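For reference, the structure discussed in these notes is given below.
The values are calculated or read from the model by the stated rules, or taken from the named source; none is laboratory data. On a predicted model such as this, the values are computed, not experimentally measured, just so you know. Backbone-built Cβ (ideal geometry, glycine too); neighbour counts: all protein chains shown.
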Amino acid sequence: MKKIIAALSLLIPAVIFASGAKSSKPQLRLHQLYTGNAVFQRNVIKYPIKGFAGKNSKVVVTFRNNTVTVTADDKGNWCAYLPSGEAGEGFELKVVSDGECVTAENIAVGDVWLVAGQSNAEFTVGWFKQGAEWSKDSDYPSIRFQKQTWQPPHMRKDDAWNVLSPDTVNNFSATGFFFAKEIYKKHKIPVGVIVSAGGGTVIKAWISEAALADIPHAKKTLIEPHKKALEKYTREKAENPKKPLRYPFKSYGNLFNERIARLKGLPLSGAIWYQGEADAMFAGGHIYREYLEALINSYRTHFNNEKLPFFVVEIPYYGNHYIWSDLRDSQKFATDRLDAVHLVSILDIGDLKDIHPPKKPELGARLAAVADRFVYGGKDVATGPQYESMKIAGNRVILKFKPDSLGGGLVAKDGKALRGFSIAGANRKFTDAQATIEGDCVVVSSEKVKKPIAVRYGWYPPKDGVNFFNKAGYPCGMFRTDDFKLPTDRTSNKK
């Protein structure tokens, strides 16, 4: 017994000492937005750099000869603010805390863009059959990309920053790839692309619950029903704990929480939003305008930039889905209402048989042209003709277009008669119309409509495709002169 007591007397101090010692497991690490090969947005005076350390520990952060000391919170999170400086490459980010040191090498400073949406924003170069050809021109060390993954933060391994090369290109969003190349070739600065996208996803998944709560439709059809379902589940589970019940998971906000929330406060040059096909499929075209506007406004708040440029890709034609026109109409409605938001039309480069049109090089060039005009200060016209007003003259409707969208003049790209115009009288039934260019206007008429009141363009895919362009080479997007109630409009205050 004495031997046992003696042994315990030696063991107890050792146990006490071990319990009070610090863990040997490394606690200092960088948030994955700031790891090796990252791109920081240039010319930001207070660029946020985030990471994790021991609770309440001092953290010293150094970047480009500037150093700042911060204190981690009681959960170990820390954020330091340092100037990012002008564009350049090959920088080191160094962080020291409690004897630990972490560095991130090969940091670039340039322009960072967000590419978000569903599969047409997500699908990689390697996914397309043209990928092998596209990858031949992919050695650009100044272009970096990062894909946000489904996993929770402690499990994420795939969302590291990648330097664009023949070895990595197949994992890069095709939309982001061609856009980034165009930007880099013209402006010769590092380009970073963060991809937050998921195939088949609807817009409600990409908006925070707080932002959705400001949309009456979302509050009525999503938030309140979920609240009631959760209350019912909680009540029934309390009454009978053994009763098998399906937990009422939320059908909204999940992708925002997983792929956007963690980007909070990140300085960006702009955002590209390519999404809407799934909402169109579910006949959500008309209400989409409210969700798109809420998404853009809430993202601007999330990224601390109320003027963050947004480029929305107009979903192209696909099959005979006429209700897709309702969604395109919502895209135009929302983008027309907001400043620094631009709708990029690709009605001419879609594919009626492929919901994932492969003309991504053309898409990237158009997005880059819009960026050059509205972000980089270029002077060239970057969009197609944009409808401004109409005037009825007998049985003709004269359409006027915004002067800064004429791009040197209006043209039928293939030299044939204009296609895609329709006209309606008092019965509101649209019929195919003849359209001719007269100077900077288009005159629309039909023998079937003696007293026209409205014109639509691009509402349905013409047999031989759209051909209404400006001389700058950009197509006109879908538009209408009327405000008639659409098939997917479920409100009762419009006829």
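Among the residues of the range 61-80, those identified as surrounded by fewer than 16 Cβ atoms within 10 Å (Cβ to Cβ) and under 28 Å from ASP111 (Cβ atoms) are ASN65, ASN66, THR67, VAL68, ASN77, CYS79. Evaluating ALA197 against the criteria (1) at pLDDT 95 or above; (2) more than 15 Å from the chain's Cα centre (by Cα) leaves one unmet condition, (2). Residues in the range 309-334 that are out of contact with any Lys or Arg (no Cβ under 9 Å at 6 or more places or on another chain), aromatic (Phe, Trp, Tyr) and in a loop (DSSP other than H, G, I, E, B): 2 in all. Of all the listed residues (ASP432, ASP440), the sole one being out of contact with any Asp or Glu (no Cβ under 6 Å at 6 or more places or on another chain) and either closer than 20 Å to ASP329 by Cα or β-branched (Val, Ile, Thr) (or both) is ASP432.
Within the range 228-261, if we keep just the residues that are charged (D, E, K, R) and assigned to a loop (DSSP other than H, G, I, E, B), the residue that is nearest to the chain's Cα centre (by Cα) turns out to be LYS250. The set of residues from the range 347-390 being surrounded by fewer than 17 Cβ atoms within 10 Å (Cβ to Cβ) and of a type in the set (Gly, Ala, Ser) comprises ALA365, GLY377, GLY378, SER389. Of the residues making up the range 96-147, those that are hydroxyl-bearing (Ser, Thr, Tyr) and either more than 20 Å from VAL313 (Cα to Cα) or part of a helix (DSSP H, G or I) (or both) are SER97, THR103, SER119, SER135, SER138, TYR140, SER142.
When each of THR69, THR35, THR103 is tested for being more than 30 Å from TYR140 (Cβ to Cβ) and of a type in the set (Val, Ile, Thr), the lone residue that passes is THR69. Checking ALA180, ALA213, ALA205, ALA218 one by one, the residue that is surrounded by fewer than 16 Cβ atoms within 10 Å (Cβ to Cβ) and of a type in the set (Gly, Ala, Ser) is ALA213 and no other.
Considering the range 430-475, and only residues there that are over 36 Å from the mean Cα position of the chain (by Cα) and charged (D, E, K, R), the residue that is nearest to ALA368 (Cα to Cα) turns out to be GLU438.
Within the range 268-308, being assigned to a helix (DSSP H, G or I), free of Cβ contacts under 8 Å to residues at least 60 places away in the same chain and over 19 Å from ASN257 (Cα atoms) holds for ALA280, MET281, ARG289. Exactly one residue among LEU418, LEU410 is farther than 19 Å from HIS342 by Cβ, over 32 Å from the mean Cα position of the chain (by Cα), crowded, with 17+ Cβ neighbours inside 10 Å and in contact (Cβ under 8 Å) with a residue 24 or more places away in the chain, and that residue is LEU418. Here ARG337, ARG328 are screened, and the one residue that is surrounded by fewer than 15 Cβ atoms within 10 Å (Cβ to Cβ) and under 19 Å from TRP273 (Cα atoms) is ARG337. Of all residues in the range 230-267, those that are hydroxyl-bearing (Ser, Thr, Tyr) and over 30 Å from GLN146 (Cβ atoms) total 3.
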